[in-house]
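What follows is a set of notes on a single structure, which appears directly below.
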Amino acid sequence: MAEDLLYADPALARFYDLDNGWGEDREFCLRLAAGAGSVLDLGCGTGELAIRIAADQGAAVTAADPAGAMLDLARAKPGAKRVTWVEGDARSLRLGQSFDLIAMTGHAFQTLLTRKDRAACLSTIARHLAPGGRFVFDSRNPAAREWEDWRPEASERRFEDPVLGPVTAWNDVRWNAARRIATYGTHYRTADRRQLSATSRIGFPPLDELEGAIAAAGLRVERWMGDWAGSGLTPASPEFIPLGRPA
């Protein structure tokens, strides 16, 4: 996969927490980590979840991400020394240890654009999951067509950067139905009219593909959720969220 400047460029990565914040996905995983002795946060980004789990739950936390700029932000945060930070790709990560919980939030799973990529990530999860351990990740339900909201007029938002002041953000998007891939731009305009932009791609695999890939990796799903509030999965659910264990 090509490098995504949204995460790899420090000038853009600095906006990640301000633009996304703490969400239901992280809150769910923070609770799920209660009682876990060891946790792997795959695609940890700026490390908010990993640091909170280490601080609040006392688990031994390892956090991995392929983007060095995101990890630099993570390592600079209060409490970061409690976490082991690893620059690595979820498809090829090999740590030589197992974990009681493996979590992949923020739709990081959707950056895996092909069946081969997704199978490799699931193999990584299976390889690192302790007996009796649990895994969870999220992937948007393509039937919800969330990408339709990622157009400039629908996606414009504002936030305050502590150094740069007010920032206006918006997206644009192209949908490839044949490949089930959304290519979207993220744009930031600062108070001095400087604009920074990045182009990202994410996949929207269907549920039957996910079910087959999870089983092929030697994993089983105990419960499919349709959102991070824990609702049961329905055809209209916004998310596919498998909560599972080793097969």
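Every number in this text was worked out from the coordinates using simple rules, so none of it is lab data. Predicted, not measured: the structure shown is a model, and the values here were computed from it. Methodologically, a virtual Cβ is constructed for each residue, glycine included, from the backbone with ideal geometry; neighbour enumeration extends over all protein chains shown.
Things worth noting here:
- Stretching the chain fully between residue 220 and residue 107 yields a gain of 38.7 nm (0.36 nm per residue, less the alpha carbon separation).
- The stretch between residue 180 and residue 245, if pulled fully straight at 0.36 nm per residue, gains 20.6 nm over its current Cα-Cα span.
- For Cα extents along the principal axes in Å, calculated from these coordinates, the label among (i) 54, 44, 32; (ii) 59, 48, 35; (iii) 48, 40, 40: (i)
- Rounded if a/c under 1.5, otherwise prolate or oblate - the range 1-134, Cα gyration tensor axes: oblate
- Exposed GluC sites (Glu not before Pro) absent - longest run of the chain, DSSP non-H/G/I/E/B, at most 16 other C-beta within 10 Å: 4-155
- Considering helices alone, the calculated mean residue ellipticity of the chain at 222 nm is -7000 deg cm²/dmol, with DSSP H runs of length four and up weighted by -39500 (n - 2.57) and normalised per residue.
- Summing charges over all other residues whose Cβ lies under 12 Å from the Cβ of residue 222, with Lys and Arg as +1 and Asp and Glu as -1, gives +4.
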